[in-house]
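Computed from the coordinates by the stated procedures, all read-outs in this text should not be read as laboratory data. Predicted model only: the values in this text are computed from it and were never measured. Don't worry about glycine lacking a Cβ; one is built from the backbone with ideal geometry, like all the others, and counts go over all protein chains shown.
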Amino acid sequence: MKNKKIKNFLNKISSFVIILLILVIALFVVLYARGYNFDISNLSITSTGIIRVNTTPNNSQVYLNNKYVGNSPVVLNSINPGAYNIKVLKTNYTQWDSLVTVKSGNITNVDPFLLPTQVDQSIVKTAGNVYKVIYNRNSNYLYIIVVKNNIYKLYYLNLSLITQGYKLNYVTNLTKIIKFNGKNNITIESNSSIANIILQYNNKYYIYNIATNKLLSLSKIIYSNNFTNIKWADSSNYILLRNKNLLSVFNLSTNQTYLLSYTPNSSSGISYRVLSSSQIIFSLYSRSTNISNIFISNLNGTEKTLVYKITGDINNIFVNSEESYVAISVKGGNNYLLSLKNNILSHKIKFASQSKILTFNSQNNYILTEKNNTVYAYYINNLSKILVIDNYNQLHNLKLYSLGSYIFFQKKNPNSTTYSLYEQTIGLSTPVLLSKDTVGDYYISVGGDYLFFKYYYKNSTYLYAMTLIKNNNIFPFAL
């Protein structure tokens, strides 16, 4: 009888232990499914994150900290918080390599664009000789001046609408409207609606209305000859006017001018960047205190907010609008990275001392700097430094690709007036030749789909486009 009681007791204990184990295992399974990892050695539970990798093109090899984790698209679950290196490889495409930060309970999306290592270099002629190409990044329009029989005609191309063989839009005969003869420099600024463009020629500024074919001299209404820089804000009606010591905004619809900043004692002038269609960020320097005040203002100047004060005179301001980061370059070599939330400074950090900031794109996570003839890339999330390329003084028109960890640059061809165009992945030392015999600058569309360049062939210059994301074909445009 006694043994039977003991046996029943042990059975109950066993059942309880089994049920307890099932419950514990079920709890672990539920926690693991919800993104928790278990560290047995430290007896701790950690909330994890997820990395999603979608590449263009698909079926690319994905590596996490140099360990192969599958072909794209890939979802990596239960990743402990921290910084990781993501590497993507595919035959006949350049390697993509970048740092990503995983946060607890969050999904980190990684969308690399891989550029082909081989491009179609076939040459197809376009009608007309391309004299000049002018790209307005804010409006995503490309302007092309074509010369034939000493007549200069202006065309434009909307980069958000182009397809292979897309015909350029004719604007006007420049030779007639401003007596343009190609001997003096000309610049063109367009607003987002392309209704009006600003023409600068022979140190004079004009507003040209494309629809009405009317030309208006800006000097008659805003004394534009006193300004060294005139350009559109993102808004269709506002024009930014700047000389060394003064920054103003002109409203085209009301013919009113608003003073934003006046710095009579600044040695390097006013630095500014457009933040949005209605806001601008700019600096105001006081030589007596050696302090630069950084303001955010709406375009009519009625609301101005002091964001930060920095010791020294500011050389330049760079804006990453997608992530609300602002990079500040101060005369003397100090650089700062500011993070803004709702126009309020959330944090700041000093970086890359005694270096020159080269570029900082609005959709990219890297800041390119130069120091002692060497280019470095700083990852904005943790400001880790990556060596990009040496011999900066041999490069021309270095640019950062907005959709990935790529840079583009040109090198002058020996005994020639032409340049070879290269692409290079940040973190890798070998550049890829994209095109030989390019002329002048090249242009990358805001969306990153197209690379435009002038190509010299048999004593004539033609406009070509390279599709960076799709099939990397090179094709001309008809005029």
Fill in: Peptides 352-358, 340-346, 255-261, 366-372 ordered by average Cβ neighbours within 10 Å, highest first
366-372, 352-358, 255-261, 340-346
Practice prompt. Would you grab the residues whose amide H sits under 5 Å from the one on Thr48? Only those 5+ places off in sequence or on another chain, please, with H modelled 1.01 Å from N.
Written response: Tyr36, Asn37, Gly105
Practice prompt. Jot down the radius of gyration and Dmax of the stretch 44-110, Cα atoms only, both in angstrom.
Written response: 12.0, 45
Worksheet entry | Virtual paramagnetic centre 7 Å along Cα→Cβ of Asn106, amide N under 12 Å, in the stretch 377-407 | 381-382
Practice prompt. Report the full-extension gain for the segment Ser339 to Ser286: residue separation times 0.36 nm, less the Cα-Cα distance, to one decimal in nm.
Written response: 16.7 nm
